[in-house]
Amino acid sequence: MRVLTGIQASGKLHIGNYFGAMKPMIKLQEENELFTFIANYHSLTSSTDAALLRDLTLEAAVDYLSLGLDPNKTTFWIQSDVPEVLELYWILSKFTPMGLLERAHSYKDKVAKNIPASHALFSYPVLMAADILLLDTDKVPVGKDQIQHVEITRDIAIKFNNKYGNILTIPEYIVDDNVATIVGLDGEKMSKSYGNTIDIFMDEKALQKQCNKIVTSSTPLGEPLDFENCNVYKIASLFLDDDGKKELQMRYKSGLEGYGSFKKYLKELIWNEFEAAREKREYYQSHIDEVKEILSFGANKARAIAKEKIRTVKDAVGLW
Ligand code: ADP
Ligand code: TRP
């Protein structure tokens, strides 16, 4: 089965991103033909700085490779290196009723967040449809906020196929309901915009400082602690198997340790979990040409499929 996903490069990654999106996505490469790209044409809709866009794009590539995306299993590239997607985007625009885009809530949400309303922002879902349809995608793993975009893609593809025959593969979305919302320092959803994150790649001291900021109850030292409602426990349990969780629960209940001790333990868990990723990241950061080679290899592979598809589509509509 061909699975495709686009990544918005948005800077420093936090634990919520990792457990909520990256880890489940990277796992898909084990049993599927996974295609993953960094959606820099999409990022352009909200970017204001060329150097920053360029840096974030490469940084996202380095981060994904460091955290386990395997270029031998996954086709990995930068969106703008397969420019056929823009040809398909234009052709699909012709099959996209205005009403379909006017109903898109992500556009309204972004404008509400003061991203300037532009045609690119408005037609964002059509470009996403082109990403998906260009590579004959069967499944698109998405967060809930992106479901509507896959539905729009299906509507456009069905309209196109009704006129020209079964040329485009109608994709389905996959939403992983088991993926929990990861809490941040204050117990709210961990999010960059709330300033309550624990970032994955920090030095050890900064990581401990961040862990120390986690909000806990004021139960005095010496009394048993309630693990169920503890933000430190909630985050730590992401890194533990069942036995590890039970052991930690016992420590909470024993009353022998205070929150400071659990915050130290959490720092150790996080630090150890990402040790291999940190090493890989350092390697890729100092071998950036290797990263560019991986991306260029991926782009060539994706492009070979894209070229064939765009030829069929152009032929069908009379552009070839
Ligand atoms: P942020 O809220 O920090 O800006 P993004 O919106 O860039 O994060 O999220 C990128 C991906 O990470 C999305 O797929 C989103 O669902 C996932 N994600 C972000 N924060 C969390 C969280 N706290 N719990 C679970 N998943 C999350
Ligand atoms: N819009 C997606 C997001 O904001 C990123 C994206 C672009 C995408 N093209 C895609 C996701 C194609 C899946 C398939 O997260």
Got a sec? Which of Lys205, Lys163 is surrounded by fewer than 15 Cβ atoms within 10 Å (Cβ to Cβ) and either farther than 30 Å from Ser123 by Cα or within 16 Å of ligand 1 (Cβ to nearest atom) (or both)? Lys205
Which numbered condition Val150 fails, given (1) at pLDDT below 95; (2) within 16 Å of ligand 1 (Cβ to nearest atom): (1)
Condition check for Leu248: in contact with a strand residue (DSSP E or B) (Cβ under 9 Å, 6 or more places away or on another chain) and part of a helix (DSSP H, G or I): no
Selection count where residues are in a helix (DSSP H, G or I) and surrounded by fewer than 17 Cβ atoms within 10 Å (Cβ to Cβ), scope the stretch 281-301: 13
Can you name every one of the helices (runs of 4 or more DSSP H) wholly within the stretch 99-198 that holds 3 or more residues which are more than 14 Å from ligand 2 (Cβ to nearest atom), out of contact with any Gly (no Cβ under 6 Å at 6 or more places or on another chain) and not polar (S, T, N, Q)? 105-112, 147-164
Kindly provide the set of residues from the stretch 1-50 that are part of a strand (DSSP E or B), more than 10 Å from ligand 2 (Cβ to nearest atom) and not hydrophobic (A, V, I, L, M, F, W, C), ordered by number. Arg2, His14, Glu33
Return the pairs, sorted by first residue and then second, in which the second residue is among the polar types (S, T, N, Q) and away from ligand 2 (no atom under 16 Å from the Cβ), the first residue lies in the stretch 185-213 and is free of Cβ contacts under 8 Å to residues at least 60 places away in the same chain, the beta carbons are less than 7 Å apart, and the residues are 6+ apart or on different chains. Leu185/Asn196; Asp186/Asn196; Gly187/Asn231; Glu188/Asn196; Met202/Gln210
Any idea how many residues of the stretch 51-60 are crowded, with 18+ Cβ neighbours inside 10 Å and within 16 Å of ligand 2 (Cβ to nearest atom)? 3
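Taking the criterion of being in the same structural domain as Leu28 (by TED's automatic domain parsing), closer than 29 Å to Glu290 by Cα and out of contact with any strand residue (DSSP E or B) (no Cβ under 6 Å at 6 or more places or on another chain), would at least one residue in the stretch 103-126 satisfy it?
No: zero hits.
The values are calculated or read from the model by the stated rules, or taken from the named source; none is laboratory data. Keep in mind it's a predicted model, so treat the numbers as computed, not measured. Glycine also receives a Cβ, built like all others from the backbone with ideal geometry; neighbour counts cover every protein chain displayed.
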